[in-house]
Amino acid sequence: MYCICSDKSHDDIMKQQRLDPLPFDSMISTYTCCTEGCGSCLEDLRALFEMEYPMVHSTISVKD
Amino acid sequence: MLFPSIFARLEENRWNLGTDVHWQNFDASKLTQRHLHGIKMNAILEWSAMPTAEMFLRDNSQDTDFSAFISIWFFEEQKHSLTLLEYLKRFAPEFCPTEDELSAVRFSFDKAPALESLALHFCGEIRLNQWYRCAKAYHNEPVIRQIYGILANDEARHARAYLDYMRKSLETGNLEASLAFAKIGVLMTNARLNKAMHPTNLHVNKALYPDDTVNGRLPDPEWLGQWLSHEIRFDSQWEKKVEQGILSNLSSLLGQEFSDSRALRSYYKTLIRTATNA
């Protein structure tokens, strides 16, 4: 998938996340434009995030 | 059925014309007559969702799920027009289009292959998202900047919804759908093959030709080209973003890597050979 608001593929977003891992909300605000954009990719990105970081997501609250 | 989840997604992002647009931030000193002319033309262009919705409902009478989605799409596109009309009404009423000018872009479209129309509008929404983002960057007046930003996000959500329906079509009619999507993708990413590049530039009614494009029925038919090239300056960098948005999403949809329009064209030719031999 490709995020048109961020002008980046989901793969590229996850690659950046792998290089410098962040909690989900920080990943979104740092590596994407979804916060100011349309938000359609958030669900898919969360699924990718949860696949790669199941423990992080279940043990750390990332809600501001 | 996709409609309930798409409805929920769009409802979650619903904005209010009266309260979410910061009308109080208006700054008349940052606006020119030419800006206002552009806002008027875009208000009329958005109004042309009406014949498009009529076309979609007519050509998808067998698809109740997609037809239900069109109810939201139509509502949101008319809201875009209304938002721009409200801007003009508040700050430059002399630029408000007349009802006749709005009516002029409502005309019958010839019947078209439903899957191609779907792909065409997916590409059109990606393009419109970038046009509005570019317009936001171009304008200095805070309210119209905010409005173009809101509209850009809505168009991106529409592109995503169209993409969801394209994916659904692939599950039931793989080759036919792949052919339609690749064909339109080639046309919409290659300016040499097709200068139209957006649904509003396409001829859609043989009986009315040549007066059968939405842009041609604007009060200023030359406006869009001027606006893109000489005002907001939608240059090759912006064009690249459109191309990348279309090709990358089609890559994900069709399970192939399309690094450029040529790769998609080559894939399309392979599909044609497969269909011919089938």
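The values are calculated or read from the model by the stated rules, or taken from the named source; none is laboratory data. Keep in mind it's a predicted model, so treat the numbers as computed, not measured. Here the Cβ is made from the backbone with ideal geometry for all residues, glycine too, and neighbour counts use every protein chain on show.
Figures for the structure shown
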read-out: Cβ pairs under 7 Å, 6+ apart, first in segment B:146-167 and more than 16 Å from B:PRO199 (Cβ to Cβ) and within 8 Å of chain A (Cβ to nearest Cβ), second crowded, with 24+ Cβ neighbours inside 10 Å and of a type in the set (Ser, Thr, Tyr); value: B:ALA156/A:SER40; B:ARG157/A:SER40; B:ARG160/A:SER40
read-out: Residue ID - nearest to the chain's Cα centre (by Cα), chosen from residues in segment B:110-122 that are under 24 Å from B:TYR209 (Cα atoms) and part of a helix (DSSP H, G or I); value: B:HIS121
read-out: Lone qualifier among B:TRP227, B:TRP238 - being touching a residue at least 40 places away in the same chain (Cβ under 8 Å) and within 14 Å of chain A (Cβ to nearest Cβ); value: B:TRP238
read-out: Extreme residue, surrounded by the most Cβ atoms within 10 Å (Cβ to Cβ), among residues of segment B:230-248 that are farther than 12 Å from B:GLN130 by Cα and touching a Ser or Thr at 6+ places or on another chain (Cβ under 9 Å); value: B:SER248
read-out: From B:LEU17, B:LEU45, B:LEU128, residue being more than 14 Å from every other protein chain (Cβ to nearest Cβ), in contact with a helix residue (DSSP H, G or I) (Cβ under 8 Å, 6 or more places away or on another chain) and not in a loop (DSSP other than H, G, I, E, B); value: B:LEU45
read-out: Residue that is surrounded by the most Cβ atoms within 10 Å (Cβ to Cβ) [pool: residues in segment A:1-48 that are within 10 Å of another protein chain (Cβ to nearest Cβ), aliphatic (A, V, I, L, M) and assigned to a loop (DSSP other than H, G, I, E, B)]; value: A:ILE4
read-out: Which numbered condition B:GLN226 misses (of (1) more than 16 Å from the chain's Cα centre (by Cα); (2) crowded, with 16+ Cβ neighbours inside 10 Å; (3) over 20 Å from B:ILE184 (Cβ atoms)); value: (2)
read-out: Which listed residue, of B:GLU101, B:GLU94, B:GLU141, B:GLU86, is away from chain A (no Cβ under 12 Å), surrounded by fewer than 22 Cβ atoms within 10 Å (Cβ to Cβ), in contact with a Pro (Cβ under 8 Å, 6 or more places away or on another chain) and of a type in the set (Asp, Glu); value: B:GLU101
read-out: Filter pass, A:THR59 being at pLDDT below 95, within 24 Å of B:GLU125 (Cα to Cα) and more than 10 Å from chain B (Cβ to nearest Cβ); value: no
